[in-house]
Amino acid sequence: MLIDDLREQLKDFDSDVQTIVSYWTKSDLAKRFEELEGISSKEDFWQHPDQTKITKELRGIRSVKEQYEHITSTFEQLPELLDLFEDDEQELQKISPEIAELAQTIRRFKIQLLMGLEQDKHPCFVLINAGAGGTESQDWAQMLLRMYTRFCETHRLKAAVVDVQSGEEAGIKSATLHVTGKNAYGLLKSEHGIHRLVRISPYDSNKRRHTSFSGVTLTPEMPDVNIEIDPKDLRIDTYRASGAGGQHINKTDSAVRITHLPTNIVVQCQNDRSQIKNRETAMKMLMAKLVQRQDEERKKALGKIDKKKIEWGSQIRSYVLHPYKMVKDHRTNVESSQPDMVLDGQLMPFIEGYLVWQASQA
């Protein structure tokens, strides 16, 4: 019966609503809203030195507050509405689209709410490194590159390959994606860590099962943070780009490699024909990595950082293609029995699971 289906749909997103309520209750958003509203309601607010900044923040929190109140009130009212029209099939038909729309609204809002950090809104760099294992691991790294590219295509994010180092026989040794778009870092930060693949190797003539590892590093681009870099601390090398790109890419030294000598951080970019543009992108990468290094040093001082090698036992997620099919995130226990779909970029269940898990760790 339709009434049973509609009640079941409400049950399906009950946990999402509880997550939203829990996050809102634990956050300071309601308190901050009252504080900002109090400041903005004063007669001399127009003279406040931070008027523009306060107005923008207040507008943003008010929007979130209104969405929160709409979702929670609608979710509370719908069961009563279903009880009221339990025997009226025509009215239930009218309510059905409202429940479907609410489900989509809840899902989008939950993700938006859980990405509350300022850096979640920023572009990011995704670095993929093949682990030990030669061709097998390099092929796995290339599979991950395709997975993230497909995810970005599906979710209207722009992913540009700014650097790629090809493997000797197949696959890639490493690749760097520059991802821009709404909440780019917030959506992809769940991917930071070691990814493990188990499959029958296409490169093994004996058809044996192989385990491969690749590391994924996420670095948010922080345009509002500026670290002074002494030009004397930089070594800048130019070289001919490798890979596809036509005649030009093989004839000019357009690729740029920058080494920050004090930290030994190395960044490189070869995606553009212009050496100047490649240098600009490389400097963005360097700045992002220096900001991230500062944050890691702060966490290390507080004992909150744990660096892991690209090897067995350190993986955040396993992709098993043989002897059974399963993708499992070891932090959140989110699973999928359809690894082909996951490797084609369908990562949202894992991303949502990570955001909920991360919020629970705070």
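Just list whichever of Lys110/Lys284; Lys207/Lys325; Lys56/Lys300; Lys56/Lys289; Lys110/Lys189; Lys11/Lys182 have alpha carbons separated by over 22 Å in the model shown. Over 22 Å apart, Cα to Cα: Lys110/Lys284; Lys56/Lys300; Lys56/Lys289; Lys11/Lys182.
Here, the range 49-142 has an Rg and a Dmax of 22.6, 65 Å when only alpha carbons are counted. Reducing the range 1-28 and the range 324-362 to their Cα centroids gives an inter-centroid distance of 20 Å. Equivalent ellipsoid of the range 121-362: semi-axes from √(5λ) of the C-alpha gyration tensor, largest first, are 29, 24, 17 Å. Calculated on C-alpha atoms, the gyration radius of the range 123-259 divided by its Kirkwood radius gives an Rg/Rh of 1.02. Between Val342, Thr55, Ser96, the Cα set farthest toward the positive side of the dipole of the chain (charges on each charged residue's Cβ, about the Cα centre) is that of Val342. Using alpha carbons only, the radius of gyration of the range 2-114 set against its Kirkwood radius gives Rg/Rh = 1.14. Here the chain is scanned for chymotrypsin sites (Phe, Trp or Tyr not before Pro) in DSSP loops (not H, G, I, E, B) that have at most 11 other Cβ atoms within 10 Å, and the longest stretch holding none of them is 1-311. The antiparallel fraction among DSSP beta bridges confined to the chain stands at about 90%. Put a plus charge on the Cβ of each Lys and Arg, a minus charge on the Cβ of each Asp and Glu, and nothing anywhere else: the dipole of the range 121-362 about its Cα centre is then about 200 debye. Backbone amide hydrogens, once placed in the peptide plane, bring Ile172 within less than 5 Å of Asp139, Ala141, Gln142, Gly167, excluding anything fewer than 5 places away on its chain. Phi-derived couplings, Karplus 6.51 cos²θ - 1.76 cosθ + 1.60 at θ = phi - 60°, listed residue by residue for the range 335-343: 10, 9, 8, 10, x, 4, 6, 4, 5 Hz, with x used for Gly and Pro.
Sparsely packed loop sites in the range 129-238 (the GluC sites (Glu not before Pro) outside DSSP H, G, I, E and B with at most 16 other Cβ atoms within 10 Å) comprise Glu168, Glu169, Glu228. For the pair Ala30 and Asp295, a Förster radius of 30 Å applied to the C-beta separation gives a FRET efficiency near 0.60, rounded to the nearest 0.05.
With n ≥ 4 as the cut-off for DSSP H runs, can you work out [θ] at 222 nm for the chain, using -39500 (n - 2.57) per run divided by the number of residues, rounded to the nearest 500?
Result for the chain: -15500 deg cm²/dmol, rounded to the nearest 500.
The numbers here are math on the coordinates, done by the rules we state, and not lab data. Since the model is a prediction, treat every value here as computed from it, not as a measurement. FYI the Cβ positions are ideal-geometry reconstructions off the backbone, even for glycines, and counts take in every protein chain you see.
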